[in-house]
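Encoded as structure tokens, the structure appears first; notes follow it.
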Amino acid sequence: MVRIFILLSVAVITIFPQSAWPCLGCGPTYSFCTRAEYEAPKMRYVIKTLGAGTVKAGQDLSYEFKGAAMVCPAANSSAKPIRLRRTGAQSARYEIVGGESGFLTWTFRDKPSVLQMVFRSAGFGNMSPEEIAETMRVWGNVSSGPKGTTMPGQSKFLKVNSVEFQRQKCDRQTPNKWIEQISLTLGCSS
């Protein structure tokens, strides 16, 4: 039995080119578009997130992605909404609606404190480092694809309000177009 397995393995290795080995037994490359909404009970805001990208065959997560988010303060809060747009794996553009805008860059260690400065500038009080760190995590995860997206029961500090996936045929332009179109609809209801 072992001999047959070895012979079959050698046959497969000989027949398929080395570039195809990682894809044996894997799904095809696909594009995804994800919308998710999370709620921070202590700081009283909702973050509406968008992520789009391509997951390559043989991988679980996307390393080619776009992402956008809108942080909406509670209706009776004096804080201003914040728009976020990922510009890279460790960078984003932010805009405080009716206020300042700029770029954020972070390392693994300091990313919650970088976003905390933006929240403070937007007028959020009652800072919760745990909720801010979790906000950074869920926003990043939405951009990494369906397997990375935080689902109900997977967050200690944020409530998962909704998650919606769209899996599309692989088209390199789809994620960019989708983010451009849908991010225009992100907003905070009063």
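The values are calculated or read from the model by the stated rules, or taken from the named source; none is laboratory data. Since this is a predicted model, take the numbers as computed values, not measurements. All Cβ positions, glycine included, derive from the backbone under ideal geometry; neighbour counts span all protein chains shown.
Here are the numbers for this structure:
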read-out: Residue check for Gly125: surrounded by fewer than 14 Cβ atoms within 10 Å (Cβ to Cβ), among the small types (Gly, Ala, Ser) and out of contact with any Lys or Arg (no Cβ under 7 Å at 6 or more places or on another chain); value: yes
read-out: Qualifying residue in the stretch 99-106 (condition: assigned to a strand (DSSP E or B), buried (at least 17 other Cβ atoms within 10 Å of the Cβ) and of a type in the set (Phe, Trp, Tyr)); value: no
read-out: Options Glu100, Glu37: the member that is at pLDDT 70 or above, acidic (Asp, Glu) and in contact with a strand residue (DSSP E or B) (Cβ under 6 Å, 6 or more places away or on another chain); value: Glu37
read-out: All positions within the stretch 74-98 that are crowded, with 19+ Cβ neighbours inside 10 Å, in a strand (DSSP E or B) and not basic (Lys, Arg); value: Ile82, Leu84, Ala92, Tyr94, Ile96
read-out: Flag for Gly148 being touching a helix residue (DSSP H, G or I) at 6+ places or on another chain (Cβ under 7 Å), surrounded by 13 or more Cβ atoms within 10 Å (Cβ to Cβ), in contact (Cβ under 8 Å) with a residue 12 or more places away in the chain and at negative phi; value: yes
read-out: Among the residues listed as Ser62, Ser77, Ser19, the single one being at pLDDT 85 or above and among the small types (Gly, Ala, Ser); value: Ser77
read-out: Tally, over the stretch 111-132, of residues that are without any contact (Cβ under 8 Å) to a residue 24 or more places away in the chain and either over 20 Å from Lys156 (Cα atoms) or aliphatic (A, V, I, L, M) (or both); value: 4
read-out: Unmet requirement for Val142, which otherwise passes all of (1) hydrophobic (A, V, I, L, M, F, W, C); (2) within 26 Å of Arg167 (Cβ to Cβ); (3) modelled with pLDDT of 85 or more; value: (3)
